[in-house]
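Everything on this sheet refers to the single structure shown next.
Nothing in this text is a laboratory measurement; each read-out follows from the coordinates by a stated rule. Bear in mind the structure is a predicted one, so any value in this text is a computation, not a measurement. So basically every Cβ, Gly included, is an ideal-geometry build from the backbone, and we count neighbours across all protein chains shown.
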Amino acid sequence: LAGGSMLVCGPSVAFLVLSFPFFRHALAIYDGTMDFRNPSSIPDRRNDFCGRVDELHKGTIGIEDAVRGLHVNFLTSLHSPPWFDEPVNNTDPSRMTGFHVELLATLAARAGFTYTLYSHPVSDFEPELSWTEYLNLAVQKYDVSVDWWMVTNQRSRMGIQTPHDFLDLSLLSARFEDEEKTDFWATFWKFSDPLTPELWFTFLGISIATSLLYLVAEANAEDSDFDPDSPWLFKILRSIWIGFVQFTGAGGFSPRTCSGKLLVLTYSAFILLLVSAYTANLAAFLTAQRSMEVCQSLEQCMSSGDRACVWEGTASDAWITQEYHKFETSGQIVRCPGPPWTCATRGECALVVQPLTVYELAARSIEYNKGCTMSRVGVDSLKYIGGGWMTKVDYTDKCTSLLNDALGSHLLALQIGGEMAGLVDRLYSRGMTQICSDDEDGSEDEDSFPVSAMTGALCLHGTVFALVLFSFCGRLIWERVRRCLRGEEEEEKHEGASDLEGTASEGSGASSMGPRRSAAHGPGGRLGRGRRASMGREASPRSKGKEEEKGEEKADPQKSLAEGLRNEATLQ
């Protein structure tokens with residue numbers, strides 16, 4: 001056992017001794033052939049510790065060295081990987097994992113013993129035997145039964161004790177929190193909860209009536225809130241809008257007449273009281289969770305008709321049957337063949353009764369606590385119970401009481417020294433498959449406003465925001481379309497004006513050639529020449545003006561067509 005490796009084979013059993021430092025004291029044996037329904041088929045693997053009792057009485061050894069150098073046989077069952085796990089038919093100690101493996105290796109190194117850890121599936125005794133019946137057989141065949149065994153009166157009367165109750169297995173009740181189920185409109189209008197519907201309608205009626213009366217009093221006043229040239233419908237809508245925004249603080253009336261000032265004085269006092277009442281009740285209504293009233297104790301929950309799930313055949317089952325027998329007859333105690341949260345997730349019960357340490361593991365498991373809705377019922381435990389490993393109280397046959405006392409002294413030392421707390425923390429870490437917020441984070445969330453409570457206000461503002469944004473974008477698009485259309489029209493007009501200008505120029509040239517020829521050969525030529533000379537003198541500055549106007553047309557493409565036609569007619 002001290003070094004090297006050795007393989008020992010038996011009927012359907014194999015174990016391997018390794019020289020790894022962590023498992024240098026360990027043997028691993030998986031035996032799937034154990035049948036606890038037939039105890040005679042299981043050999044007695046207990047060791048005889050009576051020789052060490054004599055040495056202890058003589059004072060040659062102390063209790064802390066009572067099992068040093070000895071070999072101890074342990075037994076455990078495969079039902080929860082965070083506690084203990086290994087592959088089927090495993091013979092390699094390094095492939096064993098879980099809380100019990102780490103604690104056993106630490107204990108063996110401290111107390112100086114070697115050990116063999118036998119494992120088997122729970123199907124070797126379930127469902128015919130209860131866990132207590134299985135435990136009674138286990139400690140009669142092996143030195144120590146390794147599991148999270150609860151200390152009970154029944155087991156004590158059977159001569160079964162724990163070396164040290166290093167686990168807190170206090171019974172508690174837990175349940176899944178009922179999430180608030182409300183429709184969309186109930187959530188939408190939640191921001192209005194600080195005021196009653198009657199008060200909201202009163203505010204609307206008073207605001208509209210006051211706005212209309214204010215319009216009548218201030219409509220003809222100078223520098224009033226209303227444009228005298230605006231239509232009456234616009235004035236009415238503007239007055240109502242001012243009355244509403246006075247509640248939000250975004251604006252208000254500016255009276256000029258005495259009657260208007262008196263009216264606004266009383267209306268503003270009403271708005272002040274309304275805003276103060278809304279503000280005072282806002283935090284309470286936004287943080288309040290409209291959830292179902294949850295019972296605060298197991299008795300209260302079951303009295304209201306809830307059913308409780310418990311692991312069948314365990315000490316939890318025996319305790320709840322004894323303490324709550326009246327609910328046993330009513331069928332409110334549901335016995336599950338495995339972890340009770342399995343039945344709870346299927347909706348077979350509303351409550352679960354189980355030990356504290358086991359509950360902490362389930363709360364960290366996404367398999368049982370998907371959505372992080374698992375919570376305890378009440379604050380206090382139903383019953384404080386310690387627990388740990390178990391041995392048989394025997395002072396004469398195998399003297400396993402010595403083993404019990406020796407292991408207890410070392411387990412107590414591990415707990416006092418803090419090593420046990422570290423092992424338990426690693427147990428929780430090993431079983432953690434999700435991270436849920438703790439109570440402190442939850443309390444901070446409860447003190448802040450939930451987004452869902454502002455759904456209505458956010459939706460209303462978001463709708464208006466979207467309408468304003470779409471309107472703005474629509475105006476931009478329309479302006480660009482108009483510019484494009486206007487540019488095409490002006491281009492067509494410019495081309496048409498150019499064509500007309502060319503036609504007019506050709507006609508003007510032909511008419512000037514005709515008079516010149518007639519004046520050279522006919523009478524009145526001098527007068528014609530005088531007139532043409534006069535027209536030529538008048539036409540020169542006009543031609544110059546025409547060129548300037550053409551330059552203006554090029555600079556300003558929006559020159560009207562009529563203006564160009566008038567210029568051509570003048571030139572002709």
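Residue separation of Met432 and Leu262 scaled by 0.36 nm, minus their Cα-Cα distance, works out to 54.3 nm of gained length. Under the combined filter of DSSP loop state and at most 16 neighbouring Cβ atoms within 10 Å, region 230-274 retains these trypsin sites (Lys or Arg not before Pro): Arg256. For region 211-284, a simple Cβ point-charge model (Lys and Arg +1, Asp and Glu -1, everything else neutral) yields a dipole of about 260 debye relative to the Cα centre. Using the Cβ-Cβ distance between Glu55 and Glu177 with R0 set to 45 Å, the FRET efficiency from 1/(1 + (r/R0)^6) comes to roughly 0.20. Among Ile366, Ala344, Phe327, whose Cα lies farthest out toward the positive end of the dipole of region 294-396, if unit charges sit on the beta carbon of Lys, Arg (+1) and Asp, Glu (-1)? Ranked along the dipole, the leading option is Ile366. Sorting 473-486, 217-230, 122-135 by average packing, meaning the other beta carbons within 10 Å per residue, from highest down gives 122-135, 217-230, 473-486.
Note on Arg475 and Thr345: the extension gain reaches 41.1 nm, defined as 0.36 nm multiplied by sequence separation minus the Cα-Cα distance. Structure shown: which of Lys326/Lys383; Lys141/Lys370; Lys370/Lys392; Lys326/Lys370 lie over 29 Å apart, alpha-carbon to alpha-carbon? From the list (Lys326/Lys383; Lys141/Lys370; Lys370/Lys392; Lys326/Lys370), the Cα-Cα distance tops 29 Å for Lys141/Lys370; Lys370/Lys392; Lys326/Lys370. Taken along the Cα-to-beta-carbon direction at a fixed 7 Å, the label points for Asp35 and Thr321 span 2.6 nm. Just to confirm my numbers, what's the Cα centroid distance between region 324-353 and region 102-141 in Å? Each part's Cα centre sits 28 Å from the other's.
Please give the contour-minus-distance gain from Ala250 to Leu467: 0.36 nm per residue of separation, less the Cα-Cα distance, rounded to one decimal in nm. Display every interim value, and only then the final one.
Numbers: separation 217, 0.36 × 217 = 78.12 nm, distance 1.94 nm.
Here the segment from Ala250 to Leu467 would lengthen by 76.2 nm.
One quarter of the convex hull surface built on the alpha carbon atoms of region 329-429 amounts to 10.0 nm², the projected area averaged over directions. Estimated from the Cβ-Cβ distance and a Förster radius of 56 angstrom, the FRET efficiency linking Glu64 and Ser304 is about 0.60.
Gyration tensor analysis over the Cα atoms of region 259-416 returns equivalent ellipsoid semi-axes of 55, 22, 14 Å (largest first, whole Å). Find out how many positive minus negative residues lie around Arg426, taking Lys and Arg as positive, Asp and Glu as negative, among other residues whose Cβ is under 12 Å from that of Arg426. With Lys, Arg at +1 and Asp, Glu at -1, the net is -2.
Report the charge-dipole magnitude of region 313-394 in Debye, nearest 20, computed about the Cα centre from +1 at each Lys and Arg Cβ and -1 at each Asp and Glu Cβ.
160 debye
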